[in-house]
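Visitor: The structure that follows is given in the form of structure tokens.
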Amino acid sequence: MKYINKNLTIEKISVEAISKRFGTPAYCYSYDQLRKNITNFKKNFSSLSPLICFAIKSNTNLNLIKEIKKFGLGADVVSMGELMLAIKAGINPKKIVFSGVGKTSAEISYAINKKILLINAESQSEIKEINRIAKLKNKKVQVGIRLNPNTDAKTLNQISTGRKENKFGVNSKTFLELVNYCKNSNNIILKCLSVHIGSQILDYKPYVKMLKAINKTINRANFKFEFIDLGGGMGISYNNNKKLNYKKYNIAIKKFIKNHKSKIIFEPGRSIVGNIGILISKIIYIKKSEKKNFVILDAAMNDLMRPALYGAIHKTLPSIKNRKISKKTYELVGPICESTDKFSTLQKFQNLKEKDIIVICDVGAYGMSLSSNYNVRPKPIELLIKGSKIKVIKKRQNHSDLI
Ligand code: LLP
């Protein structure tokens, strides 16, 4: 995305043109950026030849997942819906892993029928339930056990998953008990140790700590795992230039794998799709109050939850850069009846006017997938840009879809 003659342009199309043709709010993704992200991810870990399972929860657009599939990626799913979506997108079930702390019997049964690569179990009760269902079906099921490595991912509290106070995985002691349970059950084949310590991780050191914890547990278990699933969590730069040091993470994994010779699985979401997407929105009104200049957009927290939910800051840009920098501070808000319906505070931004088009950046991950119909607001259209071509990859919802 860059400014060409003051016009913000995504691949070969200006944001102004997109907004005129398709209306606002609109999610818009760049195919070229997607391709670059996947190529870079593969390059970063090429010496490991890992299985890369895209975390479907980060972006659930069927057409986008179809594109991701073409690069040979598998899928990490956390519900029957996500599993159905991955299969519909054509992803080979032998490249699908199923995570999550609360898989229902129906979900386990469906996953067994679809013969997916792994069901990554997160508790003793779940392992027993998988065994019970597999026995009824007279099948053998490949499973993983998720270890809680008690590692602080040094990310936001709300998206940390690898500490002992988090609900995810089992501690080392329970892990060893479950390994023994699996060894003695006829319908379960233990194949994998899985972990996922959190999301938006920018420091490689927690990953090194996590690998140490895994190493210790495997040595105690004295079991040969065919797969080690390291989860996802690789962070992206939203509003600073911080980057995860992939080189150091890769070196640590290589060192770790020497002792274990397992195949590595990754479950990246954000690092694949985070920076491919923008949310295009129009200013409805500008309202000056005693204290603030509110810029009220036609997009709201129901369309993009991250700022309201996590205090996340997304870079914001004007679609046309043609005015002087304002002395005002703008509060960028949506029309929803909650004071948390705020995207950001803009300082040293260009002067704004009603009907201007505003772009919120880096919303490809956990943007549309976290959206809702709160306030009976139809969900935005989703578009995929490939060079000078625009494809509608999901239609805008109608009020009639909701009422
Ligand atoms: N694997 C598992 C088991 C997960 O729970 C997650 C994300 C991932 C993989 C993918 O993580 P990623 O590579 O995208 O960081 N809504 C939050 C993020 C929640 C992440 C939940 N789990 C946000 O908008 O920041």
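The values are calculated or read from the model by the stated rules, or taken from the named source; none is laboratory data. Predicted, not measured: the structure shown is a model, and the values here were computed from it. Note that we place each Cβ from the backbone using ideal geometry, even for glycine, and neighbour counts take in every protein chain shown. SASA here: full protein model, heavy atoms, side chains in, ligands and nucleic acids out. Shrake-Rupley method; radii C 1.70, N 1.55, O 1.52, S 1.80 Å.
Visitor: Within the set K183/K261; K20/K353; K137/K394; K57/K167; K242/K263; K154/K224, which residue pairs have Cα atoms separated by over 26 Å? Walk me through the intermediate numbers first.
Guide: Working: K183/K261 20 Å; K20/K353 17 Å; K137/K394 38 Å; K57/K167 18 Å; K242/K263 29 Å; K154/K224 30 Å.
Over 26 Å apart, Cα to Cα: K137/K394; K242/K263; K154/K224.
Visitor: Which whole-number percent gives the relative contact order of the chain, counting Cα pairs below 8 Å spaced six or more residues apart?
Guide: Numbers: 880 pairs, mean separation 79.9, N = 403.
That works out to 20 percent.
Visitor: Based on the Cβ-Cβ distance of K212 and Q158, what FRET efficiency does E = 1/(1 + (r/R0)^6) give at R0 = 22 Å, to the nearest 0.05? Please list the in-between numbers first.
Guide: On the way: r = 25 Å, r/R0 = 1.15.
Computed FRET efficiency for K212 and Q158 comes out at 0.30.
Visitor: Oh, and also: Given only helices, namely DSSP H runs of n ≥ 4 each adding -39500 (n - 2.57), what is the per-residue ellipticity at 222 nm of the chain, to the nearest 500 deg cm²/dmol?
Guide: Values: 12 runs with 120 residues, N = 403.
Roughly -8500 deg cm²/dmol at 222 nm, from the helical runs in the chain.
Visitor: Which value, in nm² and rounded to one decimal, describes the direction-averaged projected area of the C-alpha convex hull of segment 31-271? Before the final figure, lay out the partial values.
Guide: Values: hull surface 48.3 nm².
For segment 31-271, the mean projected area of the Cα convex hull comes to 12.1 nm².
Visitor: Sticking with this one: Evaluate the distance, in nm, between pseudo-label points positioned 7 Å from the Cα of K291 and of V376 along their respective Cα→Cβ axes.
Guide: Label-label distance for K291 and V376, simple model: 3.2 nm.
Visitor: Taking every eigenvalue of the Cα gyration tensor of segment 95-200, multiplying by 5 and rooting it, what semi-axes result, largest first, whole Å?
Guide: Working: eigenvalues 127, 43, 22 Å².
Semi-axes, largest first: 25, 15, 10 Å.
Visitor: Now a separate question. Just the accessible area for K321, please: 1.4 Å probe, Å², rounded to the nearest 10?
Guide: Spelled out: K321, probe radius 1.4 Å, area about 110 Å².
Visitor: When the dipole is taken about the Cα centre of segment 112-164, and only Lys, Arg (+1) and Asp, Glu (-1) are charged at their Cβ, what size is it in debye, to the nearest 20? Kindly include the intermediate steps, with their values, before the conclusion.
Guide: Details: 12 positive and 4 negative charges, 67 e Å.
It comes to approximately 320 debye.
Visitor: Also, I was wondering about something else. Relative to the longest principal axis of the C-alpha atoms of the chain, give the angle of the C-alpha long axis of helix 205-221, reported between 0 and 90° and rounded to the nearest 10°.
Guide: 20 degrees
Visitor: Please list F71, F175 in order of solvent-accessible area, largest first, computed with a 1.4 Å probe with all protein chains present. Before the final figure, lay out each step's value.
Guide: Details: F71 50, F175 0 Å².
Final ranking, largest accessible area leading: F71, F175.
Visitor: If you don't mind, there's one more thing I want to ask. Once the mean 1/r over all distinct Cα pairs of the chain is inverted, what Kirkwood radius in angstroms do you read off?
Guide: 22.4 Å
Visitor: Could you order M301, M80 so the one with the most accessible surface comes first? Probe is 1.4 Å. It would help to have the intermediate numbers written out before the result.
Guide: Values: M301 20, M80 55 Å².
The residues order as M80, M301, largest area first.
Visitor: At a probe size of 1.4 Å, how large is the accessible area of R220, to the nearest 10 Å²?
Guide: 150 Å²
Visitor: Another one. Tell me, what HN-Hα J-couplings in whole Hz come from the Karplus equation 6.51 cos²θ - 1.76 cosθ + 1.60 at θ = phi - 60° for each residue of segment 128-140, using x for Gly and Pro?
Guide: So the J values, rounded to whole Hz, are 5, 5, 4, 4, 4, 5, 4, 5, 4, 8, 6, 10, 9.
Visitor: Working with all protein chains in place, sort T329, T217 by solvent-accessible area computed with a 1.4 Å probe, largest first.
Guide: Numbers: T329 55, T217 5 Å².
Listed by decreasing accessible area, they come as T329, T217.
Visitor: If you roll a 1.4 angstrom probe over the protein chains with everything in place, what fraction of the accessible area of the chain belongs to carbon and sulfur, to the nearest %?
Guide: Working: 9420 of 18710 Å².
Of the solvent-accessible surface of the chain, carbon and sulfur hold 50 percent.
Visitor: Using modelled backbone amide H atoms (1.01 Å from N, in-plane), which distant-in-sequence or interchain residues come within less than 5 Å of F343's amide H?
Guide: L332, V333, G334
Visitor: Can you return the aspartates and glutamates within cross-link range of K315? Criterion is Cα-Cα under 12 Å, with same-chain partners fewer than 8 residues away left out.
Guide: D362
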